[in-house]
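Have a look at this one.
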Amino acid sequence: MITLEEFKKLNIRIAKIKDVIDHPNADRLYIVRLAIGEEERDVVAGIKKGYNKEELLGKLVAVIENMEPAVIRGVESKGMILATQDGETLAVLSPDKPVAPGSIIK
């Protein structure tokens, strides 16, 4: 279990997907360019089996913004897109109403 104080350390925000490219070193990964408010950054996301690139472009997604950067198969990832999986169904977490990129999830 984690405490409420530990949970509050997570900076979860809404991001808009600006671009999606295939990861050059992994069949199941995308490199996703996100707009989080005024900032843009790349994250490596294992969501390729659930979405084609066109489905993701312009989509609003929940992202952990303050993850420690990690190099995944040779590409630096600066965040994590939140998703869920139920059997073969993969779904990114997305707001059900339009909100501004950078909005804080609380």
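Each residue of the range 25-40 in turn: what ³J(HN,Hα) in whole Hz from Karplus with 6.51, -1.76, 1.60 and θ = phi - 60°, glycine and Pro shown as x?
10, 7, 6, 9, 10, 10, 9, 10, 8, 10, 9, 10, x, 7, 8, 10
Using 7 Å Cα-to-Cβ label points, what is the Glu5/Ile64 separation (nm, one decimal)?
Reported label-point gap for Glu5 and Ile64 is 2.0 nm.
Could you name the lysines in cross-link range of Lys106, using Cα to Cα under 28 Å and dropping any fewer than eight places away on the same chain?
In chain and number order, the partners are Lys8, Lys9, Lys16, Lys18, Lys48, Lys59, Lys78, Lys97.
Another question, then. Compute, for the chain, the length of the dipole vector about the Cα centre, with Cβ point charges of +1 (Lys, Arg) and -1 (Asp, Glu) only. Units Debye, rounded to 20.
So the dipole magnitude of the chain works out to roughly 120 debye.
Please check which bits of the range 2-37 a label hung off Lys49 would reach, taking the label as a point 7 Å along Cα-to-C-beta and the cut-off as backbone N under 20 Å.
Answer for this model: 21-32.
Scan the chain and report its longest stretch carrying no GluC sites (Glu not before Pro) that are both in a DSSP loop and have at most 14 other Cβ atoms within 10 Å.
After excluding every exposed loop site, the longest remaining stretch is 39-87.
Given just the C-alpha atoms of the chain, how large is their convex hull per residue in cubic angstrom?
Normalising the Cα hull of the chain by residue number yields 119 Å³.
Between Glu76 and Asp96, what is 0.36 nm times their sequence separation minus the Cα-Cα distance? Round to one decimal in nm.
Taking 0.36 nm per residue and subtracting the Cα distance, the gain is 4.2 nm.
Bear in mind these aren't lab numbers, they're just calculated from the coordinates by the rules spelled out. All values reported here derive from a predicted model rather than from experimental measurement. Neighbour counts are summed over all protein chains in view; Cβ atoms, including those assigned to glycine, are modelled from backbone coordinates with ideal geometry.
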